[in-house]
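The structure under discussion appears below in the form of structure tokens.
Bear in mind that the values in this text are calculations on the coordinates, not laboratory data. Fair warning: this is a prediction, and the values are worked out from it, not measured in the lab. For neighbour counting, all protein chains shown are included, and Cβ atoms are generated from backbone atoms with ideal geometry for every residue, glycine included.
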Amino acid sequence: MASQDWLEKDFYKILGVPQDASEADIKKAYRKLARKWHPDQNPGDEAAEQKFKDIGEANSVLSDPEKRQEYDQLRQMVSGGARFTAGGPGGAGSAGGFEDLFGSMFGGGGGGNVRFSTGGPGAGEQINLDDILGAFGGGGGASYGSPYGGGYGGGYGGYAAGPRKGADLEARTTLSFRDAAAGETVELRAADGQTIKTRIPAGVKDGQTIRLRGKGQPSPNGGQPGDLLLHVTVLPHPVYGREGDNLTVELPVTFAEAALGATVTVPTMDGKGVKVKIKPGTPSGRKLRVKGRGIKTKSGSGDLIVTVHVVVPEKLTDETREAVEKLAEHDRQQGTDPRAEMTAKAAS
């Protein structure tokens, strides 16, 4: 629901965007400012904390299409010179009064086709601006009657609006690769400054946004609270990679292991390791799949994809050099050319 505070704040100026800014521009500006003025970046700075709260409030209004329309309508009314006065006896005919303002909005013109009362004993009683603004969001305290009798609750068309959901908030967190895979409990500071402790589910991905139901701003009129949109960054791991729910790892093997075959141990995320069999003649780049040893999520477990990488020794002893030279001589006698297929394909 609109509030009197909206008249005193220029949310576009707070975010540094023009009034016709797109949703993407608003989101970009908010993220940039939120990072700059986040209390964690400015510890003990009360001015920065207030700035951070103002930025969060501006974003909560401008990022919500319904609230933004409401806010723009209110700003347009005020900038157009409309005056909110309760008026005294005979005030119904005064220029700029409620009849003039709302009569034109609801099609009645300036002749008093719409009557406004505060429910108090006299027409000269001061009117709360929030009651008037209730017409744009529902739930205001003012009642609106037609000249033909009968009153309505606040809202367009005479129908009372139901409770509105609170605004969504945004937050960011950075996790290690291992914590993202296993799940982790983190403490977050939302855009409005509140601290929230929550559990990140196992298997969350880099760049993923998690919606935490009911962790946003409270409803302004008794509805459900908003949600918290948590943007997750996952740091890379020196050994493991990720493809979907599969873990990937590059496995170094010696030339002898690749040529003759071997059983070697591959490290796993749980620290136990798993044995894989390297078949004789395994080339570098061949992929081996270990079922169920990838990322574990509620829907199941991925696999561990092992890519064999044959390591060529940098230094040879006299004995190993002699053995390699014999192998090279054998290849020449057999006419072995590992590049023959590539050359043929290149020529086609």
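Once you list every other residue whose beta carbon is under 13 Å from the beta carbon of L235, what net charge do they have if Lys and Arg are +1 and Asp and Glu are -1?
Values: positive: R178, K205, R242; negative: D179, E184, D206.
Residues near L235 contribute 0 overall.
Fewest Cβ neighbours within 10 Å first, please rank H309, H330 accordingly.
Listed from fewest to most nearby Cβ atoms, that is H330, H309.
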Within straight-line cross-link reach of K165, lysines at Cα separation under 28 Å, skipping those fewer than 8 residues along the same chain:
K9, K13, K27, K28, K32, K51, K53, K67, K197, K215
As a footprinting exposure proxy, order K67, K53, K298 by other Cβ within 10 Å, with the fewest listed first.
K298, K53, K67
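Per 0.36 nm of contour for each residue apart, how much would the distance between V311 and H237 grow if the chain were fully extended, relative to their Cα-Cα spacing?
On the way: separation 74, 0.36 × 74 = 26.64 nm, distance 2.15 nm.
Result: 24.5 nm gained on full extension.
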Using a 10 Å cut-off around each Cβ, can you sort I295, I196 from fewest to most neighbouring Cβ atoms?
I196, I295
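Where nothing but the Cβ of Lys and Arg (+1) and of Asp and Glu (-1) is charged, how large is the charge dipole of segment 205-348 around its Cα centre, in debye to the nearest 20? Could you put the intermediate results ahead of the total?
Details: 22 positive and 17 negative charges, 198 e Å.
Roughly 960 debye, rounded to the nearest 20.
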So what is the orientation-averaged projected area of segment 4-78, using the convex hull of its C-alpha atoms, in nm²?
4.9 nm²
